[in-house]
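Asks: Shown below is the structure under consideration.
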Amino acid sequence: MNIEVSDYTGACKRCEKALNLVYEIYEREQNSEHPKNICLYKDIIDNPKVHQEFQELGIIFLDNIADACSNDIVILGLFGSNKKVIDYLEANNIEYYDPVCDKFKAIYTNILEYYQKGYEIVIVGNKESAEVKVLNSYCEDQGLIITKEEDLENISETKKKYVVIENSLHKKEYNTLIEKIKNKYSNLEIIVEDNICPIFKKVSDNARVISLGKDYVFIIGSKTSFTNMELKNNIEGAKNVLIMANPLEFYHFLLKNDKVQNIALIGGIETPIKEIMDFYYLSNFIIFYKECFKKMQTSQDEVNTKLLDLQDNPLVQNVVKDIIALNSDGKYIRATLIGLGYYLGSGAKDDSYLDLAYAYELFQTAVLIHDDIIDNAKLRRGKETIPRRICEKYLNLKKNDRYYHDTVKLANSIGICAGDLGFYEANKIIIKNYKNHANLERILELYNDIIIKTIKGEIIDVYLPFQSKYNFQEVAEKDIFDIYELKTSWYTIIGPFILGYALASQEVTDSLLNILKKIGIAFQLKDDFLGIYASSDVIGKPNTSDISEYKQTLLYSYIMKTKYRKEFLKYYGKDKISSTDLAMVRSLLYKSGAYHHVLDYLDELYLECSNEISELDLSEEGKNILKGLIIYISIREK
């Protein structure tokens, strides 16, 4: 896939200036002895992420300017405010700031001046545009708004005219309308000025250039933003133009559409540069991920079939079939990281890593089989676990207590055997396919070290809930982070990546290893969130299991230090969690600050990792893919 990013430099300077104004006033008032309320009238920019951030800071959004009072500081919208609004603020001595650029302010002044001189005010633009409405307010809403040729009939044939071009129409459309006005009223004085934002013009011009021949042009930003819709109308030469509001929507679109080969990313003028680059990094990761995914998916059935030895006893064959069923339809993220490690270590895009990836995916399935026994889980990847399958098969045959006990024992015993079988079959795949590899000894050493670290993490993960629940030991954050590092960072991120490096006969640097560890911790923190806040249908297992299992997480650790501890423990650890219980747990985590504490920590990790990746001695493509991995982790749903 070819990705081109529009020359966005300067595309959002005006927005950044307005946003910086808000942050400066916020900081000033935070340090003031008598802080005022900070209010935004009509949203400073149409960007949901920015709105959410402002709300979290306690900034107020005003829909009615009459709600503002002397203890408020009002910041007006980026595209100007109605003259009556400014008159109200000045009449009531309310402190306000207007982030509108000087050019716009000059146009407002001119409209008022020419209107008072008796000129007819003609505004060429879309009637629904916020800017058009603001412009019209400066002539007491008496201006003529010209959107199409039919509107020209309403223009006076005797009055001098002051014509303002606003950028909500396509360039060809407003040029045509201006020419018709000049030709029809050539005997009258006509003054034409444009209110077209120079930044918008630059973005539009760049967009038109890079859109030529593209399969898709993606405008990054809010779908409700009028400027984004205006930008979309101005783009020519692309087969498809879409506005993408968030990276998750973009991720699903690219994942499902294999024919998308040639794309351009464009940021609207209300889109911070970081957002545009997040989409760019994510697209780099998706490209690499899709390549690995397709290769794994194509051959996974064949690899699974080889696990089935037809000479085996039928009972063994049945267990292997269950392993095969669970070892299918995965996301192949770990396999992708093996491929990425191999590519960054060797520079080669061949398939040498695939057998190692198959082995690791089987190892993962084996770990999950054991994990399901420990957690007494019924579902994994949306499928019944092996112990659950056995119980479902036999428990309905007889009902006495002894039979029930023996069936459950059988189910767990077979699960342990199935997991063990998966471990050693994975080991066998590695040895068979890399027996002549110069670095086989190092690959096996790392592979076994990953297994050992994962088991150590599982030991802590099993012990902590018991000790905490029954007051043998107060949970320490260090223990929780030991789980995160051993059980997730190594098993999910570090392990597969360094295996790929070892396959390329390379060793990762300490700086890269440290970044991978942080990415792994972020992965687990995201898992903790999904375990409680995601839908069961999406994650493929109950979203109450972490609660009933008394899982020791950073969310749990934080709330236990707050006044909500006692109330929280009424629900955390219960055997059966109702939907009401789940809602209460979510509410308490939110009210206690645990929810935002973990989100803030995650944001810090994402930023740290991204900044540190920039300093690595890797190719730009490699850095982009790694940064895209971070975006993927931040948006993933399961």
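Asks: Please report, ordered by residue number, the helices (runs of 4 or more DSSP H) entirely within the stretch 411-507 with at least 3 residues that are in contact (Cβ under 8 Å) with a residue 12 or more places away in the chain, of a type outside the set (Val, Ile, Thr) and over 21 Å from ILE633 (Cβ atoms).
Replies: Correct list: 440-469.
Asks: Within the set of pairs 6+ apart or on separate chains, which have a first residue in the stretch 72-85 that is on the phi > 0 side of the Ramachandran plot and not assigned by TED's automatic domain parsing to the domain that holds PRO35, a second that is of a type in the set (A, V, I, L, M, F, W, C) and not in a loop (DSSP other than H, G, I, E, B), and C-beta atoms under 7 Å apart?
Replies: So the pair list comes out empty.
Asks: Taking TYR590 as meeting all but one of (1) in contact (Cβ under 8 Å) with a residue 40 or more places away in the chain; (2) assigned to a helix (DSSP H, G or I); (3) aromatic (Phe, Trp, Tyr), write down the number of the exception.
Replies: Unmet for TYR590, out of (1) in contact (Cβ under 8 Å) with a residue 40 or more places away in the chain; (2) assigned to a helix (DSSP H, G or I); (3) aromatic (Phe, Trp, Tyr): (1).
Asks: Continuing with the same structure: Based on what the data block shows, is ASP401 without any contact (Cβ under 8 Å) to a residue 60 or more places away in the chain, assigned by TED's automatic domain parsing to the domain that holds LYS306 and either in contact with a Lys or Arg (Cβ under 9 Å, 6 or more places away or on another chain) or crowded, with 18+ Cβ neighbours inside 10 Å (or both)?
Replies: Spelling it out, it is not the case that ASP401 is without any contact (Cβ under 8 Å) to a residue 60 or more places away in the chain, assigned by TED's automatic domain parsing to the domain that holds LYS306 and either in contact with a Lys or Arg (Cβ under 9 Å, 6 or more places away or on another chain) or crowded, with 18+ Cβ neighbours inside 10 Å (or both).
Asks: When the stretch 199-217 is examined, which residues are found to be more than 20 Å from GLU16 (Cβ to Cβ) and in a helix (DSSP H, G or I)?
Replies: Within the stretch 199-217, ASP205, ARG208, VAL209, ILE210 meet the criteria.
Asks: Let me ask you something else. Would you mind telling me which numbered condition in (1) without any contact (Cβ under 8 Å) to a residue 12 or more places away in the chain; (2) in contact with a Leu (Cβ under 9 Å, 6 or more places away or on another chain); (3) within 23 Å of VAL100 (Cα to Cα) ASP141 fails?
Replies: Condition (2) is where ASP141 drops out.
Asks: Residue check: is LEU242 surrounded by fewer than 21 Cβ atoms within 10 Å (Cβ to Cβ), assigned to a helix (DSSP H, G or I) and not assigned by TED's automatic domain parsing to the domain that holds HIS51?
Replies: It is false that LEU242 is surrounded by fewer than 21 Cβ atoms within 10 Å (Cβ to Cβ), assigned to a helix (DSSP H, G or I) and not assigned by TED's automatic domain parsing to the domain that holds HIS51.
Asks: Exactly one condition in (1) among the aromatic types (Phe, Trp, Tyr); (2) more than 22 Å from LYS83 (Cβ to Cβ); (3) without any contact (Cβ under 8 Å) to a residue 60 or more places away in the chain is false for TYR115; which is it?
Replies: (2) is the only condition that TYR115 fails.
Asks: With the requirement that a residue be buried (at least 17 other Cβ atoms within 10 Å of the Cβ) and of a type in the set (Ser, Thr, Tyr), what does the stretch 175-211 give you?
Replies: Of everything in the stretch 175-211, those that are buried (at least 17 other Cβ atoms within 10 Å of the Cβ) and of a type in the set (Ser, Thr, Tyr) turn out to be TYR185, SER204, SER211.
Asks: Could you tell me whether any residue of the stretch 615-634 is under 21 Å from VAL475 (Cβ atoms), surrounded by 15 or more Cβ atoms within 10 Å (Cβ to Cβ) and in contact with an Asp or Glu (Cβ under 7 Å, 6 or more places away or on another chain)?
Replies: Within the stretch 615-634, not a single residue is under 21 Å from VAL475 (Cβ atoms), surrounded by 15 or more Cβ atoms within 10 Å (Cβ to Cβ) and in contact with an Asp or Glu (Cβ under 7 Å, 6 or more places away or on another chain).
Asks: Looking at THR271, is it out of contact with any Ser or Thr (no Cβ under 6 Å at 6 or more places or on another chain) and not assigned by TED's automatic domain parsing to the domain that holds ASP215?
Replies: No; evaluated as a whole, the condition is false for this residue.
Asks: Still on this structure: Out of the strands (runs of 3 or more DSSP E) lying entirely within the stretch 35-128, which hold 2 or more residues that are buried (at least 19 other Cβ atoms within 10 Å of the Cβ) and not hydroxyl-bearing (Ser, Thr, Tyr)? Reasoning before the result, please.
Replies: Details: elements: 37-41, 60-62, 72-75, 95-97, 120-124.
Because the criterion is at least 2 residues that are buried (at least 19 other Cβ atoms within 10 Å of the Cβ) and not hydroxyl-bearing (Ser, Thr, Tyr), the strands (runs of 3 or more DSSP E) in the stretch 35-128 that meet it are 37-41, 72-75, 120-124.
Asks: Out of curiosity, is ILE625 in contact with a Pro (Cβ under 7 Å, 6 or more places away or on another chain), part of a helix (DSSP H, G or I) and in contact (Cβ under 8 Å) with a residue 60 or more places away in the chain?
Replies: No: the conditions fail for ILE625.
Asks: Can you tell me how many residues in the stretch 225-252 are more than 28 Å from ILE633 (Cβ to Cβ), at pLDDT below 80 and under 24 Å from the mean Cα position of the chain (by Cα)?
Replies: 2
Asks: Where residues in the stretch 285-341 are aromatic (Phe, Trp, Tyr) and closer than 15 Å to LEU626 by Cα, which of them is surrounded by the fewest Cβ atoms within 10 Å (Cβ to Cβ)?
Replies: Filtering the stretch 285-341 for residues that are aromatic (Phe, Trp, Tyr) and closer than 15 Å to LEU626 by Cα, the one surrounded by the fewest Cβ atoms within 10 Å (Cβ to Cβ) comes out as PHE288.
Asks: Has the stretch 375-385 got at least one residue that is among the β-branched types (Val, Ile, Thr) and assigned to a helix (DSSP H, G or I)?
Replies: no
The values are calculated or read from the model by the stated rules, or taken from the named source; none is laboratory data. Note that the coordinates shown come from a computational prediction; the quantities given were computed from them, not determined experimentally. No Cβ is skipped: glycine too gets one built from the backbone with ideal geometry, and neighbour counts run over all protein chains shown.
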